[in-house]
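The values are calculated or read from the model by the stated rules, or taken from the named source; none is laboratory data. This is a predicted model, so every value here is computed, not measured. Backbone-built Cβ (ideal geometry, glycine too); neighbour counts: all protein chains shown. Note: areas computed on protein heavy atoms with side chains; ligands, DNA, RNA excluded. Shrake-Rupley method; radii C 1.70, N 1.55, O 1.52, S 1.80 Å.
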Number of protein chains: 2
Amino acid sequence: MSDNYILLDYGSGGKSAQRLVSQVFVRHFANPVLETLDDAALLHMNGPIAMSTDGYTVDPIEFPGGDIGCLAVNGTVNDVAMLGAVPKYLSCGFIIEEGLPMDVLERIVASMGNAAKKAGVLIVTGDTKVVPKGAADKLFITTTGIGEVQRTPAPSGHNAKPGDAVLLSGSMGDHGLTIMALREGLPLEMETRSDCAPLNHMVAALMQAIPQVHTLRDPTRGGLATTLNEIAGQSGVAIEVEESQVPVNPGVAAGCAVLGLDPLYLANEGKLICIVPQEFAEQALATMRSFPEGAGAVQVGTVLEPGKGLQQGQVALRTPMGGRRLLGMLEGEQLPRIC
Amino acid sequence: MSDNYILLDYGSGGKSAQRLVSQVFVRHFANPVLETLDDAALLHMNGPIAMSTDGYTVDPIEFPGGDIGCLAVNGTVNDVAMLGAVPKYLSCGFIIEEGLPMDVLERIVASMGNAAKKAGVLIVTGDTKVVPKGAADKLFITTTGIGEVQRTPAPSGHNAKPGDAVLLSGSMGDHGLTIMALREGLPLEMETRSDCAPLNHMVAALMQAIPQVHTLRDPTRGGLATTLNEIAGQSGVAIEVEESQVPVNPGVAAGCAVLGLDPLYLANEGKLICIVPQEFAEQALATMRSFPEGAGAVQVGTVLEPGKGLQQGQVALRTPMGGRRLLGMLEGEQLPRIC
């Protein structure tokens, strides 16, 4: 666009707003549904639908391994996929602070276009609001995704069963530590990168190969520990995790040591928890490992009958020394604006 | 909730976030889909779908006739309805500034719950982010709606035809002037109120009574003038509006005179433009008038073949003196954060 900075009237619904839409959004999200520019998008879906929404407020908006744009696409794609659904369409709402450099917005919108292409979804409708300088910090994006449910009952946090294997698709804490290190200005010895990635292709393969998948969840805010607590609570079971089995990249482990953080509570943006009957664990791991984003898949724990040492809803960590300690939900906030 | 103010860790994804969801959101939006609290909602729809999203940043967040919550529900319900669809499900993403009083949030969430009930839609999934004080101004809400399309081709801004009647469901400028007067601290002689209302029930009746409806649009940001320009451009037609026919409440007219504003460019939040073949105009008006929100429905103009005085995409106003002046799109921004 001709202007170098976002001006207030780009959010007016008038002429400049129309230019922003056609010259930035439609160009990078190009698809026939969006191009009709009606108030709503007309879509075709078969059967039951999964719908999910997330607001993205990450600070900084660009970071090693990604930016707020690819996060906004992948995060919502992944939430839809966690219902075992095939994500198809995304909407996006931008809230932009007056004065945001146009080239920054362009980079982020292009990154969303790329992420949508990789995930195989169409961005079909959207909205832009511009607020005066100081009324927001740079850029917030809210995306909503809908997808076709592949089978009902869908995988759910309510379906974990005693005896099930708890699998992880890869290393924990990469996104969370990357953002924290950047914010704290930590000179880390080893580079870390956000793991921001779409999980829908891996989920589709899992659903195809193992219809017996009980639960799929991506451990974002609150990390692995918080997500497992939610599942244990929803399913009325207990979960035990082998600490030594949880993959953590060396850079993340080193950064956590410096910052006094636990990688089990750090946000992930391209990893999933898969809970299946133990007899399907190996097959599920092999399926995950056939994707680059699941190359590090491992079994990290087991679902237990509550009442035998652990109560319903409890999650415990078995330490390398053979001890067991309770793993609670995240309390307080490690760092706001992590995603 | 026990706390009087929103704290940062309400957005953490941890324990306090869970409390906020269950004690505030789930309580006011009560429905079985939302209550599963999975990452995505599992929905049932038949056939083609309309999807729309809007971010709401209105300042102040409470005003005569409504608040940001009912605006966020009705605005998105109306955008889905404009495709002639029946809105069914809404998602909502909250971006909250740390320190927002809890009772304000509760009032707004309760208002959303009421609005959803009136519109007959379910709020089925959501997300909450809390950003540090100063990183946002109080509260932003982004809603996304999906609905069942009643017929294809759906009514569209691309379907206006020469000879069609241009109908309005009621008075122009009520929402825009109310917000402006409040922001400017104008002591108006006559009270004005936002017209914030759901239009989906009126649209359903219109679609039922007159399958020949060509275009439905709600003139929100940019007002009637901007929306008619969009339609004229999309449909490749010209549009003429009789200035004397456009209903404007006396309080709005008086406020516009004081502030030097044109009600044709002010935002509306509970009015629609309906374009139908002239022979169905009376029937469409009678249908609209059978609803309280359409009591003031009138024909305000006509769609013209371009080239006879007006070019393709042009909108003209016929003044009471018999003159004709071009009505352009909104240029610049009358006031940011109007919705």
Practice problem: Could you tell me whether segment B:171-178 includes any residue that is away from chain A (no Cβ under 14 Å) and more than 20 Å from residue B:245 (Cβ to Cβ)? | Solution: yes
Practice problem: Out of the residues in segment B:289-328 that are closer than 30 Å to residue B:57 by Cα and in contact with a strand residue (DSSP E or B) (Cβ under 9 Å, 6 or more places away or on another chain), state the one that is farthest from the other protein chains (Cβ to nearest Cβ). | Solution: B:296
Practice problem: For residues that are part of a strand (DSSP E or B) and open to solvent by 10 Å² or more (accessible area, probe 1.4 Å), scanning just segment A:100-124, find the one that is farthest from residue A:8 (Cα to Cα). | Solution: A:122
Exercise. Go through segment A:219-243 and give me each residue that's within 12 Å of chain B (Cβ to nearest Cβ) and over 15 Å from the mean Cα position of the chain (by Cα).
Key: A:225, A:229, A:230, A:231, A:233, A:234, A:235
Practice problem: Output the qualifying pairs, or none if there are none: Cβ atoms under 6 angstrom, residues six or more apart or on different chains, first residue in segment B:258-279 and closer than 18 Å to residue B:298 by Cβ, second residue open to solvent by 10 Å² or more (accessible area, probe 1.4 Å) and of a type in the set (A, V, I, L, M). | Solution: B:263/B:248; B:270/B:197
Practice problem: Check segment B:73-96 and report whether any residue there is among the acidic types (Asp, Glu) and open to solvent by less than 20 Å² (accessible area, probe 1.4 Å). | Solution: yes
Practice problem: May I ask you to list the residues in segment A:131-140 that are at the interface with chain B (Cβ under 7 Å from one of its Cβ atoms), more than 19 Å from the chain's Cα centre (by Cα) and within 30 Å of residue A:227 (Cα to Cα)? | Solution: A:136, A:137
Exercise. Scan (1) touching a Pro at 6+ places or on another chain (Cβ under 9 Å); (2) away from every other protein chain (no Cβ under 14 Å); (3) open to solvent by 10 Å² or more (accessible area, probe 1.4 Å); (4) not small (Gly, Ala, Ser) for the single condition residue A:208 breaks and write down its number.
Key: (1)
Exercise. Give me a count of the residues in segment B:299-339 that are in a strand (DSSP E or B) and open to solvent by 60 Å² or more (accessible area, probe 1.4 Å).
Key: 4
Quiz item: Looking at residue A:144, is it closer than 28 Å to residue A:64 by Cα, open to solvent by less than 10 Å² (accessible area, probe 1.4 Å) and not assigned by TED's automatic domain parsing to the domain that holds residue A:234?
Solution: yes
Quiz item: Checking residue A:336 against (1) under 25 Å from residue A:75 (Cα atoms); (2) assigned by TED's automatic domain parsing to the domain that holds residue A:265, which test does it fail?
Solution: (2)
Exercise. Filter segment A:25-71 for residues that are free of Cβ contacts under 8 Å to residues at least 12 places away in the same chain, assigned to a loop (DSSP other than H, G, I, E, B) and over 19 Å from residue B:142 (Cα atoms) and give the result.
Key: A:36, A:44
Exercise. Report whether or not residue A:13 is open to solvent by 10 Å² or more (accessible area, probe 1.4 Å), at the interface with another protein chain (Cβ under 7 Å from one of its Cβ atoms) and either assigned to a strand (DSSP E or B) or not aliphatic (A, V, I, L, M) (or both).
Key: yes
Exercise. Those residues that are open to solvent by 10 Å² or more (accessible area, probe 1.4 Å) and within 12 Å of another protein chain (Cβ to nearest Cβ), I need them from segment A:155-170; list them, please.
Key: A:156, A:158, A:159
Self-check item: Given (1) open to solvent by 40 Å² or more (accessible area, probe 1.4 Å); (2) more than 25 Å from residue A:284 (Cβ to Cβ), index of the condition residue A:192 fails
Solution: (1)
Practice problem: Could you pull out the residue among A:152, A:128, A:143 that is under 18 Å from residue A:99 (Cα atoms), at the interface with another protein chain (Cβ under 9 Å from one of its Cβ atoms) and touching a residue at least 60 places away in the same chain (Cβ under 8 Å)? | Solution: A:128
Quiz item: How many residues are outside any helix (DSSP H, G or I) and under 19 Å from residue A:118 (Cα atoms) when one looks only at segment A:288-298?
Solution: 3
Quiz item: Can you tell me which residues in segment B:42-84 are at pLDDT 95 or above, more than 7 Å from chain A (Cβ to nearest Cβ) and out of contact with any helix residue (DSSP H, G or I) (no Cβ under 8 Å at 6 or more places or on another chain)?
Solution: B:71, B:75, B:76
Exercise. Report yes if residue A:43 is over 17 Å from residue A:109 (Cβ atoms) and open to solvent by less than 10 Å² (accessible area, probe 1.4 Å), otherwise no.
Key: yes
Exercise. Please enumerate the residues belonging to segment A:180-205 that are within 14 Å of another protein chain (Cβ to nearest Cβ) and at pLDDT below 95.
Key: A:180, A:183
Exercise. List the number of the failed condition for residue A:203; all other conditions in (1) under 16 Å from residue A:296 (Cβ atoms); (2) surrounded by 24 or more Cβ atoms within 10 Å (Cβ to Cβ) hold.
Key: (1)
